[in-house]
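Worksheet: the structure to be examined is printed underneath.
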Amino acid sequence: MATVSELLTANLHDVFGNRDPASRRAAIERTYSSDVTFTDPEATVVGRDALEQKAAELLDGAPGAFQFVEEGRRYVSATHGALAWGFGPVGAPVVRGVDVIEVRDDVIVALTTVLAEPDPA
């Protein structure tokens with residue numbers, strides 16, 4: 001039985017931070033419901049295959065040195081969790097955001113990614 005905190009880790013590192021397609025797919029199968037809803041600033045998609053495609057596109061379009069790092073505390077309840085992250089070269093993220101998950105029956109049923117506004121010039 002996965003905890004909300006463990007699912008936050010799996011989402012960020014085992015799925016969106018995982019460049020190996022087979023390992024990423026295995027993580028998707030154990031982490032999300034079959035009808036998971038994923039919302040980011042670009043669109044809302046439904047299902048494991050659509051979520052996998054979004055993760056693959058993100059990683060395939062990013063330089064190999066880019067990785068996700070956790071930034072700050074995790075926030076968890078029995079059914080929801082939130083985790084801030086940075087994505088880019090270690091120590092110099094080019095984008096920051098927060099993932100908010102909804103959990104039911106030990107899997108993520110909804111994932112929303114909110115991006116940070118750019119730093120003021």
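The values are calculated or read from the model by the stated rules, or taken from the named source; none is laboratory data. Here the structure is a predicted model, which means the values were calculated and not measured. Every residue, glycine among them, receives a Cβ derived from its backbone with ideal geometry; neighbour counts consider all protein chains shown. Each accessible area value is taken on the protein alone, full model and side chains, heavy atoms only, with ligands, DNA and RNA left out. Shrake-Rupley method; radii C 1.70, N 1.55, O 1.52, S 1.80 Å.
Just a few scattered comments:
- Of the solvent-accessible surface of region 1-95, computed with a 1.4 Å probe and all protein chains present, 55% belongs to carbon and sulfur.
- Theoretical ellipticity at 222 nm over the chain - DSSP helices of four or more residues, -39500 (n - 2.57) apiece, nearest 500: -7500 deg cm²/dmol
- Angle of helix 48-60 to the longest C-alpha principal axis of the chain, folded into 0 to 90 degrees and rounded to 10: 20°.
- Low-density loop positions, trypsin sites (Lys or Arg not before Pro), region 36-121 - DSSP coil, at most 16 other Cβ in 10 Å: none
- Kirkwood Rh (inverse of mean 1/r, distinct Cα pairs), the chain, angstrom: 14.4 Å
- Nearest-20 debye value, region 24-121 charge dipole, Cβ charges on Lys, Arg, Asp, Glu: 240 debye
- Here the extension length gained between ASP20 and ALA62 equals 13.7 nm, from 0.36 nm per residue of separation less the Cα-Cα distance.
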